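Okay, so here's the structure we're looking at.
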Amino acid sequence: MVKVNVKLLTVCTLVLLVVLFFHSIATLQRPSLQSFPGYKTINGIEDEESRYEVDTDTVDFKYGVNKGNASNASEKEYLMRRLKKNNSFISEPRLGMVGDQKDDSSSDMSAEIVPTAHFNQQATTDNPGGASNNSDRNTSRLIDNTNANEPMCKQIINICYIKVHKSSSSTVSNIFQRFGYTQNLTFVLPNKLVNIGYPSGFKGGLPKPKSRSEFNLLVNHAVFHEENMRDVMPADTVFVGSFRHPFSHLLSSYNFFNLEQLNDMPDVRTFLSDPATYDNSRSTGMSFTRGYQAWHYGYNPLSHSQQSLIDLIERLDKTFSIILISEYLNMSLLLMKRLLCWNLKDILYVSKKIASYPNKYADYKESDVKRYEKWNTIDYILYDHYNQSLWSKITQQGKSFFDELNNYETLLQRISVVCNESVYEFREPSTQTILYDVKTDVSLTIDDCILMLTSSQDYVRVLKNKQYTKSEILRYHGEQRANEIFKYRNILPDFNTL
């Protein structure tokens, strides 16, 4: 009898262990987002059908707590309700995300989700051994992702990035410039240094080089004008934008543009006591403190109305495939990488223009923050809308996204140290491998570091030499400026990937 009980106990124990094992595996299939700021679960549980609800009561930013005021039906709250009613509040991804989309058992992980608007043609292989003229290049190319769980997808190379000042845009534009430079793509470039018509609306940059069939990338500072941008870019161009939390953006702009000295404005604390009195807007309507991020998207605060802002958001929702959020830059870039069907190495970076200044770390009264939110309702509405749009996309990702995110951020930390040390030590271009990451299968050379550390201004000069003949540069810039540009002809490693 004792032997039978022992056997029975053993069997029950084994069954229990098996049940616990499979339960733990099922739990791991869906990462919990409760640790991420700004999110809460509906009804306090992680429900597979309802998924996650954006919590607009919290924002992951020290000075930007947005608790809302139910007793005050502000313009912002009114417009946010209007957007929800119009079903435009959370925009869906315009490009198919490759890999695990949702953790529903009904989803087909092996099926390729094709962009709905950008690709109507079948991708074909590149012309091997082609010259620098990219006339035979296809806009999209089939590549085999390094992630075995991801199917073949179409790499996107025609991109227009709206570079919003002080929104991690120098870091992001370096990613695009490096990508285009190494693949010998063609950029729309400014006549002068970094701005293409900014702060006025975009009307075009330098003419298309004679040796190139079309433009592929527009990533310098330019005010969004869809019609004019589509006139110079291919029909299947993907639009990418960025936003930063408005209060953080104010502090950064105050420092970067030196508003106290150059714009005859008081210090930040005094300004926050009465923004409407101290703001020094230009006659054109452009203000560094009110609607400045919206200005980059072609919105003029002087003609602001509730309906015009709703129209802007609906227009941007239809045009932009993804809006990056500075506070969640790494997650934004990883989503972008999946949307564009790029490799992880393509979105590596070394942070640019990260300034340290007293106002950045000061404590501000909640009343000051609220006062500024009321003053800059335009940018707050846009930020909240696209922050929630980003998180809507994030919650659709599966476990592989968060595994990749962890590996990506670990690799970024290593690169920040290795690149600065290596470039300082060697000072010359080199294909010597200085870092290899086993988890991501990414290798890094000194040349890669040099490209990541190159400024946007230097890229413009280098790309002019790469795209245009000397006679073209002389014709567009005159002898004096052309000679300055010629100095940058061979300063970067030479890549020929065609």
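Every number here is computed from the coordinates shown, using simple stated rules; none is lab data. Since the model is a prediction, treat every value here as computed from it, not as a measurement. Reconstructed Cβ throughout: ideal geometry from the backbone, glycine too, with neighbour counts over all protein chains shown.
Tabulated data for the structure shown
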{"item": "R0 of 41 Å, Cβ-Cβ distance residue 236-residue 276: FRET efficiency to nearest 0.05", "result": "0.40"}
{"item": "Which listed pairs, of 318/399; 208/487; 166/352; 163/345; 163/370, have C-alpha distances above 18 Å, in listed order", "result": "318/399; 208/487; 163/345; 163/370"}
{"item": "Estimated distance in nm for a label pair at residue 453 and residue 475, the labels positioned 7 Å out from Cα along Cα-to-Cβ", "result": "3.8 nm"}
{"item": "Length released on extending from residue 269 to residue 311, taking residue separation times 0.36 nm less the Cα-Cα span", "result": "11.8 nm"}
{"item": "³J(HN,Hα) computed for each position of segment 324-341 - Karplus, 6.51 cos²θ - 1.76 cosθ + 1.60, integer Hz, glycine/proline x", "result": "7, 10, 4, 5, 10, 4, 5, 5, 4, 5, 5, 4, 4, 4, 5, 5, 8, 6"}
{"item": "Nearest-0.05 FRET efficiency for residue 214 and residue 406, computed from C-beta distance (R0 56 Å)", "result": "0.90"}
{"item": "Amide H partners (placed H, <5 Å) of residue 430, local residues excluded", "result": "446, 447"}
{"item": "Placed amide H near residue 442: partners under 5 Å, 5+ positions off or other chain", "result": "437"}
{"item": "Overall form of segment 255-353 per C-alpha gyration tensor (a/c, 1.5; a/b vs b/c)", "result": "oblate"}
{"item": "Largest-first principal axis extents, alpha carbons of segment 373-498, Å", "result": "53, 46, 30"}
